[in-house]
Amino acid sequence: MTTTALKEPVRETSPGAAREPHRRTGRIRRLSLPYLLLLPALLLELLVHLVPMAIGIVMSFKELTQFYIRDWGSAPWSGVGNYKVSVDFDAPVGEALLHSFFVTVGFTLLSVGLCWLIGTAAAVFMQDTFRGRGLLRALFLVPYALPVYAAVITWVFMFQHDNGLVNHVLHDQLHLTGKPSFWLIGDNSFYALLTVSVWKGWPFAFLIVTAALQNIPHELYEAAALDGAGTWQRIRRITLPSLRPVNQVLVLVLFLWTFNDFNTPYVLFGKSAPEAADLVSVHIYQASFVTWNFGTGSAMSVLLLLFLLVVTGVYLLLTSRGRRAADA
């Protein structure tokens, strides 16, 4: 008697199914490669910005003075005491901080407005082709390309009372002032700071607006000219509406840079800025490194951070609503 063994049918594997795991692995590698390339930058950002920010927030809750510099971790906790001192506007510390805040707001609004206005006007003017346009563009970008310290130190010499170029031109040559002015002290220090800030900031606006103008079709201007639109009408009806998305980002960046600017007033006036040019950044520096009260200075820095976050959030919310309303 013979028995026949039942054999299981052999399943054939297609070449495509065999290559499927390799394809999945390759897809995972391609998707993870950008994140791996960004990892060093993220780690540096963590070490350079986020870790010091967290340490500063912790310091704002401590009574950290010059007596605890060597071992700041042993400084006693003050809770929200530093914040109460900073926002007590009836006390000298809070009153000085409030004055510095108002000076910074006024300075920032004027500087950002003038930078945007001059940069946009220069970009629109340079849109037409004429001889020497490339050279003029390069000269316009010189203030932005110069190192901040070298540029501001040059302005310090120009603002000197006795032999500065500004007084030489305004008083000796043009006779616009009755006597040479003190530009680095007193009320004139605000105008000196504003001049330097606009001088080194408007080329950035010029650069961004110039790049944005390249995306506007030239046919729109030709059609508007055929319809009889003048230069100002073309700018108002075509150029400015087309630049609105770029201008929204540009204004926000200029605002944050100008409000946080420390290098310009510090190099221009030194450690103690005049009362008329007492920006928040220099005021926080003085509260921390001149009076050696790092706890109060850290609390002021955190308040400044919160203010900028709120302003940025409100600005983005309003601009997004305006953009949706314009699209609807």
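The values are calculated or read from the model by the stated rules, or taken from the named source; none is laboratory data. For clarity, every value in this text was computed on a predicted model and none was experimentally measured. Cβ sites come from the backbone with ideal geometry, for glycine too, and all protein chains shown count toward neighbours. Calculation scope for accessible area: heavy atoms of the full protein, side chains included, ligands and nucleic acids excluded. Shrake-Rupley method; radii C 1.70, N 1.55, O 1.52, S 1.80 Å.
Measuring from label point to label point, each 7 Å out along Cα→Cβ, what is the L306 to A229 span in nm?
It works out to 4.7 nm between the two label points.
Would you please classify the overall shape of the range 206-260 from the alpha carbon gyration tensor, given that a ≥ b ≥ c denote the square roots of the eigenvalues, rounded means a/c under 1.5, and beyond that prolate means a/b larger than b/c while oblate covers the rest? Write out the running numbers ahead of the final one.
On the way: a/c = 3.72, a/b = 2.62, b/c = 1.42.
Since a/c reaches 1.5 and a/b is larger than b/c, the shape of the range 206-260 is classed as prolate.
Please state the charge dipole magnitude for the chain, taken about the Cα centre, from unit charges on C-beta atoms (+1 on K and R, -1 on D and E), reported in debye and rounded to the nearest 20. Please report the intermediate quantities before stating the final value.
Numbers: 24 positive and 20 negative charges, 321 e Å.
Rounded to the nearest 20 debye, it is 1540 debye.
Taking the Cα atoms of the range 119-176 alone, what are Rg (to one decimal) and Dmax (as a whole number) in Å?
Cα only, the range 119-176: 15.7, 43 Å (Rg, Dmax).
Take the solvent-accessible surface of the protein heavy atoms, probe 1.4 Å, and return the percent of it on the chain that carbon and sulfur atoms account for.
Working: 14010 of 21130 Å².
Using a 1.4 Å probe with all protein chains present, the chain comes out at 66 percent carbon and sulfur.
Taking the Cα centre of the range 94-276 as origin and charging only Cβ (+1 Lys, Arg; -1 Asp, Glu), how large is the dipole, in debye to the nearest 20? Kindly include the intermediate steps, with their values, before the conclusion.
Working: 10 positive and 10 negative charges, 78 e Å.
I would put it at about 380 debye.
How long is the range 244-287 along each principal axis, judged by its Cα atoms, biggest number first, in Å?
Each principal axis gives a Cα extent; for the range 244-287 these are 39, 18, 16 Å.
May I ask you to rank D128, D227 by accessible area, largest first, using a 1.4 Å probe over the protein chains only?
Working: D128 105, D227 135 Å².
Highest to lowest solvent-accessible surface, that is D227, D128.
Where does the longest stretch of the chain lie that holds no trypsin sites (Lys or Arg not before Pro) found in a DSSP loop with 12 or fewer other Cβ atoms within 10 Å?
Numbers: sites that count: K7, R11, R70, R131, K271.
That gives 132-270 as the longest site-free run.
Return the FRET efficiency for the residue pair V314, L98: r is the Cβ-Cβ distance, R0 is 25 Å, and the value is rounded to the nearest 0.05. Spell out each step's value before the answer.
Details: r = 21 Å, r/R0 = 0.82.
Once the sixth-power term is evaluated, E becomes 0.75.
Would you calculate the volume per residue, in Å³, of the smallest convex hull containing every Cα atom of the range 166-210?
Details: hull volume 4.0 nm³, N = 45.
Hull volume over Cα atoms, normalised by residue count, gives 88 Å³.
Over the C-alpha atoms of the range 94-276, what are the Rg and the largest Cα-to-Cα span, Dmax, in Å?
Reported Rg and Dmax, both Å: 19.3, 61.
If R₀ is 41 angstrom, what is the calculated FRET efficiency for the pair Q173 and R236, using the beta carbon separation as r and rounding to 0.05? Could the numbers behind the result be given before it?
On the way: r = 38 Å, r/R0 = 0.93.
So, using R0 = 41 Å, E works out to roughly 0.60.
Need one number: the % of Cα-Cα pairs in the range 25-78 sitting beyond the 17 Å mark.
Working: 832 of 1431 pairs.
When all Cα pairs of the range 25-78 are counted, 58 percent exceed 17 Å.
Could you quote the convex hull projected area for the chain, Cα atoms only and averaged over all directions, in nm²? Numbers along the way, then the final one.
Numbers: hull surface 145.5 nm².
Taking a quarter of the hull surface, the average projection is 36.4 nm².
Along the charge dipole of the chain, pointing to its positive end and built from +1/-1 on Cβ of Lys, Arg, Asp and Glu, which listed residue (Q233, L33, H168) has its Cα farthest out?
Of the candidates, L33 comes out farthest on the positive side.
Averaged per residue, what accessible surface does the chain expose to a 1.4 Å probe, in Å²? Intermediate results must be reported in sequence, preceding the final value.
Details: 21130 Å² over 328 residues.
Heavy-atom accessible area per residue stands at 64 Å².
Using only Cα atoms, find the angle between the long axis of helix 148-158 and the longest principal axis of the chain, and express it within 0 to 90 degrees, rounded to the nearest 10.
10
Just going by the charge dipole of the range 56-130, with Lys and Arg at +1 and Asp and Glu at -1 on Cβ, which of Y83, L64, L109 is farthest out on the positive end?
L64
For the chain, set up a Gaussian network in which alpha carbons nearer than 10 Å are linked by springs, and say which option among L176, L39, L64 fluctuates the most.
Of L176, L39, L64, the Gaussian network model singles out L39 as fluctuating most.
Just to verify a number: FRET efficiency for Y68 and V290, C-beta to C-beta distance, R0 = 22 Å, to 0.05? Please report the intermediate quantities before stating the final value.
Numbers: r = 17 Å, r/R0 = 0.78.
Plugging the Cβ-Cβ distance into 1/(1 + (r/R0)^6) gives 0.80.
Taking Cα atoms, how many degrees apart are the long axis of helix 244-259 and the longest axis of the chain, rounded to 10 and kept between 0 and 90?
Relative to the chain, helix 244-259 is tipped by roughly 60 degrees.
Between rounded, prolate and oblate, where does the range 227-328 land on the alpha carbon gyration tensor, with a ≥ b ≥ c its root eigenvalues, rounded for a/c under 1.5, else prolate if a/b exceeds b/c? Show your work: numbers first, answer last.
Working: a/c = 5.48, a/b = 2.14, b/c = 2.56.
Verdict is oblate for the range 227-328.
Spin-label point model (7 Å from Cα, Cβ direction): what's the R133 to Q214 distance in nm?
Inter-label distance under the simple model: 1.3 nm.
Which angle from 0 to 90°, rounded to the nearest 10, does the C-alpha axis of helix 188-213 make with the longest principal axis of the chain?
Taking the Cα atoms of the chain, the angle to 188-213 is about 30 degrees.
May I have the count of lysine pairs in the chain with C-alpha atoms under 27 Å apart, counting pairs 8 or more residues apart or located on different chains?
Numbers: K62/K84; K62/K271; K84/K271; K200/K271.
Lysine pair count for the chain: 4.
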